[in-house]
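For reference, the structure is listed below as structure tokens.
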Amino acid sequence: MDKTVIEYIANLSRIDLSEEEKVFFIHQLSNIISYIEKLNRLNTEDIEPMSHAIISSNVFRGDEPVVSILREEALSNAPSKIGFFVKVPKVID
Amino acid sequence: MEYEVVVGLETHAELSTITKLFCGCSTKFGAEPNSQVCPVCLGMPGVLPVMNKKAFESAMKVALALNCTINKFTNFDRKSYYYPDLPKNYQISQNYYNLGVDGYMNIDVNGTIKKVRIHNVHLEEEAGKLIHPEEVGANYSLVDFNRAGVPLLEIVSQPDMRSTDEVESYMQTLRKILLYTEVSDCKMQEGSLRFEASISLREKGTEKLGNRVEIKNLNSMKSVIKGMEYEAKRQAELLDRGETIARETRLWDEVNERSERMRSKEEAQDYRYFPEPDLLPVLIDEKWMSEIKSTIPELPFDRRQRFMEVFKLSDYDASCLTEEKVLADFFEYCLSISDRPKAFCNWIINDLLREAKDRKLDIYNLPIKPKQLAALVETIERGIISSTIAKEVFSEMILTGKDPQKIIEEKKLVQINDEGFIESVIDKMIASNPNVVEDYKKGKKNALAFLIGQVMKETKGKANPKLVNELLVKKVGG
């Protein structure tokens, strides 16, 4: 874990980090990773990766409509809006 | 240098379910912004997505129709990226165990059959819709989440296409399959069907694939073809100058007919896929698979081949009839009543289709039913009415929905086959047009057509034209 990795992750996450924060996060994330890395001591050869903790499958719902929530309610958490649209900073493409 | 263009297509089709993939919100197109949303599709914390069975089965149906191997174990993954149209900051998609893999689709390229391999077919959720205001200098975009969570099918082809004709045929064939299997309305103008092309060039005769460029924002099949031609030309020019092709994503600009590099994608994509813990895996057994398989109708490609072989129709006729499932169904319904394939084909693709188009109706919603069309065709074939009169009967049928027999009776349109009567009319016409008869005898062949016309006019089109012709020639001398 170094500065390049932290900057890369910050960019993917669309957050700006100050130089102090970068140092702080390098330290924190390194600790987390080395903790998780203990798992590498386990021999997982020939073991299918687990995709779910619950041993169950095929849970479906029918294609039946349910009343949506009110628009006022739906938009109540939007930091900015115009009419019934959510307003966001300009995005290109 | 001479190059070969190599194209693969990614196709997105919105499935026409009533509700979204993971919640019960309506998928209806054109509703007021943000009126078809709920905590699940808005990505609120603590909600649980539950899969729409109809959507899953529609996806399986297409995977089977495209000859894919169905993964007996399939599950869903989170594809993470940050974009304002994606409320959860990840899209639920499939990455590790796609629903269908290693399929193929046969396409007809100017009479030659080509097999295009399908890499995979998988199910995912749609993103919301971004609206970019047109006002100059606007520094914002608007988001409508009605579309977020609509089931979306992705079909990824192998880079097996080599020309615009092949790409065109692939798109048309795939569209028809999606329509025949009734999983999507395929309305490109509403975004229900979208294509993205991956294009690369290589020196003719070589094997190694060149660097590929992805083209997005292709809003119609025409744009796909134009975008492809533009890109092939652009790459050829770069290669001729000794430059290398950068692996990148470009956006098609429909107005200016050119593509531009997508600035926001300069960073390598890093989707950090991992299994979606909120959804359980799906296990597919043989029984379920064959149930779904049994709902797949005969597909357009096979149906067209059968129409050509069994009913001896031309490639053009068979293609027209199988263009839409309802047309082909109508045709076969008629055939179940009487065995006159060519006559039905002509009436359907010329007259019925024109009327349907004029009235903006589905062929089944026209007042003429297969039984009535079959009756009309029978009256012509049996010589009860002429084909000219038949057109008149048809116009009446389309207006009133009456049976042809009834119209013929009411309007007294039965063809006149009485030779004595026809001869008397011919005599009358010869007597009143001596100059024309003279012209004909001098060798002016089209004078005969005039006389036939006069006889037909006199009999209000009811005389059997073949008989009129025969008798007239006999009278004035051949």
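When segment B:20-41 is limited to residues that are facing chain A (nearest Cβ under 10 Å) and within 24 Å of the chain's Cα centre (by Cα), the one that is surrounded by the fewest Cβ atoms within 10 Å (Cβ to Cβ) turns out to be B:Lys28. For segment B:147-195, residues that are assigned to a helix (DSSP H, G or I) and within 28 Å of B:Lys20 (Cβ to Cβ) total 12. Screening B:Gly205 with (1) open to solvent by 60 Å² or more (accessible area, probe 1.4 Å); (2) among the small types (Gly, Ala, Ser); (3) within 32 Å of the chain's Cα centre (by Cα) gives one miss only, at (3).
Once segment B:198-227 is narrowed to residues that are in contact with a helix residue (DSSP H, G or I) (Cβ under 6 Å, 6 or more places away or on another chain) and in contact (Cβ under 8 Å) with a residue 60 or more places away in the chain, the residue that is farthest from B:His12 (Cα to Cα) is B:Leu201.
Selection of segment B:435-460 for residues being open to solvent by less than 90 Å² (accessible area, probe 1.4 Å) and within 13 Å of B:Lys475 (Cα to Cα) yields B:Val437, B:Tyr440, B:Leu448, B:Leu451, B:Ile452. With the condition kept exactly as written, say whether any residue in segment B:132-146 is assigned to a strand (DSSP E or B) and more than 11 Å from every other protein chain (Cβ to nearest Cβ). No: zero hits. Of the residues making up segment B:14-40, just one is part of a strand (DSSP E or B) and out of contact with any Asp or Glu (no Cβ under 8 Å at 6 or more places or on another chain), namely B:Ser26.
Look at segment B:41-62: where a residue is in a loop (DSSP other than H, G, I, E, B) and a partner is aromatic (Phe, Trp, Tyr) and surrounded by 21 or more Cβ atoms within 10 Å (Cβ to Cβ), sitting 6+ places away or on another chain with Cβ atoms under 8 Å, you get B:Cys41/B:Phe22; B:Cys41/B:Phe145; B:Leu42/B:Phe145; B:Pro49/B:Phe22; B:Val50/B:Phe22.
Is at least one residue of segment B:5-13 at the interface with chain A (Cβ under 7 Å from one of its Cβ atoms) and either of a type outside the set (Ser, Thr, Tyr) or surrounded by fewer than 20 Cβ atoms within 10 Å (Cβ to Cβ) (or both)? For segment B:5-13, residues at the interface with chain A (Cβ under 7 Å from one of its Cβ atoms) and either of a type outside the set (Ser, Thr, Tyr) or surrounded by fewer than 20 Cβ atoms within 10 Å (Cβ to Cβ) (or both): absent.
For B:Lys216, the conditions (1) part of a strand (DSSP E or B); (2) open to solvent by less than 60 Å² (accessible area, probe 1.4 Å); (3) at pLDDT 95 or above all hold with the exception of (3). The residues of segment A:37-80 that are open to solvent by 50 Å² or more (accessible area, probe 1.4 Å) and more than 29 Å from B:Val50 (Cα to Cα), listed by number, are A:Glu37, A:Lys38, A:Leu39, A:Asn40, A:Arg41, A:Leu42, A:Asn43, A:Thr44, A:Glu45, A:Asp46.
The values are calculated or read from the model by the stated rules, or taken from the named source; none is laboratory data. What you see is a predicted model; the values in this text were computed from it and never measured. Counting neighbours? That spans all protein chains shown, and the Cβs are built from the backbone with ideal geometry, glycine included. For accessibility, only protein heavy atoms count, side chains too; no ligands or nucleic acids. Shrake-Rupley method; radii C 1.70, N 1.55, O 1.52, S 1.80 Å.
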